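What follows is a set of notes on a single structure, which appears directly below.
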Amino acid sequence: MSKNPPQKIIAVEKASGEHEAFSEEKLHASLRHAGASEAMAERVILRVKEQVRPGITSAKIYRLAFSLLHKESRHLAARYSLKQAIMALGPSGYPFERLIAALFEQQNYTTEVDVELPGACVRHEVDVIATRPGHRVLVECKYRNNHGNKCDVKVALYVHARAMDLAKNPDLPPFQDFWLTTNAKFTRDAIQYGECAGLKLLSWDYPEGKGLRERIQLSQIHPVTCLTTLKVWQKKELLGKNVVLCTELADRPEMLDEMHLKGPARRRVLKEIADLKEI
């Protein structure tokens, strides 16, 4: 009885320069996370596999999958592009801070962004302060605009030291948690230190199943940079006017008029925003 030959392993180059085997399961999971049906995900994977060659980059695989998904559904493609959309929030870190603040607001916190507070030794700029009855949270946001740049243990040590300095100032209202958030990933040492020191960590994929991707999808808070109905310059113009979230654009549709998006073009943008919330 003959056995099926083992599948050939195809090496994929990641943004960090490291290589890993092409994984249908990983691609399938990302498509399903975006809301694609099982049949749709299988169609996209089949077409992507036809073009995968040794040495292909993970960025190329993403572009292939995004293009194929976009042909089937604009808003699913927008959801699939979430990681890249957050990368496109720069160059300043403010839009990412606003995104993190919005996630806390969904949990009934009131928030302040970019606040200066005195520690026991020096003053500190705190990216986000989130408050609700009986609970006050300070948040440090580390925005990254490339995939290979991880938050390492040195960042965790630095952020924890700032938290300790602020905690030692008796004139400040007490806070219960200090968070370090990033749109990238943490190194294992950073995670180990955070868990040991009591520093709350949030990254694209950490904590497992409750990372930034899952929190954004669950809260339905998407950045305007994920919209496929807008051009790059239009997204940058919105960010320049501090319109960071799709919900903010939906509440201020006159911003589309200012970019000369009227009639069918205007309706397409608003429909994509509405569709993002229906999944």
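Among the helices (runs of 4 or more DSSP H) confined to segment 182-279, the ones with at least 1 residues that are touching a residue at least 24 places away in the same chain (Cβ under 8 Å) are located at 188-197, 212-219, 232-240, 246-251, 263-278.
Take the conditions touching a residue at least 24 places away in the same chain (Cβ under 8 Å), loosely packed, with under 13 Cβ neighbours inside 10 Å and farther than 20 Å from residue 177 by Cα and apply them to residue 91. Does it pass? Taking the combined requirement at face value, the residue satisfies it. Out of 138, 103, 99, 117, one residue alone is more than 21 Å from residue 186 (Cα to Cα) and at pLDDT 95 or above. It is 117.
One line per residue, one yes/no per condition, for (1) of a type outside the set (Lys, Arg); (2) within 17 Å of the chain's Cα centre (by Cα); (3) surrounded by 18 or more Cβ atoms within 10 Å (Cβ to Cβ):
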position: 222; (1), (2), (3): yes, yes, yes
position: 232; (1), (2), (3): yes, no, no
position: 237; (1), (2), (3): yes, no, no
position: 242; (1), (2), (3): yes, no, no
position: 253; (1), (2), (3): yes, no, no
position: 264; (1), (2), (3): yes, no, no
position: 269; (1), (2), (3): yes, no, yes
position: 275; (1), (2), (3): yes, no, no
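Please verify whether segment 206-223 includes one or more residues that are closer than 16 Å to residue 82 by Cα, acidic (Asp, Glu) and touching a Gly at 6+ places or on another chain (Cβ under 7 Å). No: zero hits. The number of residues in segment 30-68 being exposed (fewer than 13 other Cβ atoms within 10 Å of the Cβ) and in a loop (DSSP other than H, G, I, E, B) comes to 5. Among residues of segment 140-151 being touching a Phe, Trp or Tyr at 6+ places or on another chain (Cβ under 8 Å) and in a loop (DSSP other than H, G, I, E, B), the one that is surrounded by the most Cβ atoms within 10 Å (Cβ to Cβ) is 143.
The values are calculated or read from the model by the stated rules, or taken from the named source; none is laboratory data. Everything numeric here is computed off the predicted structure, so don't read it as measured data. Reconstructed Cβ throughout: ideal geometry from the backbone, glycine too, with neighbour counts over all protein chains shown.
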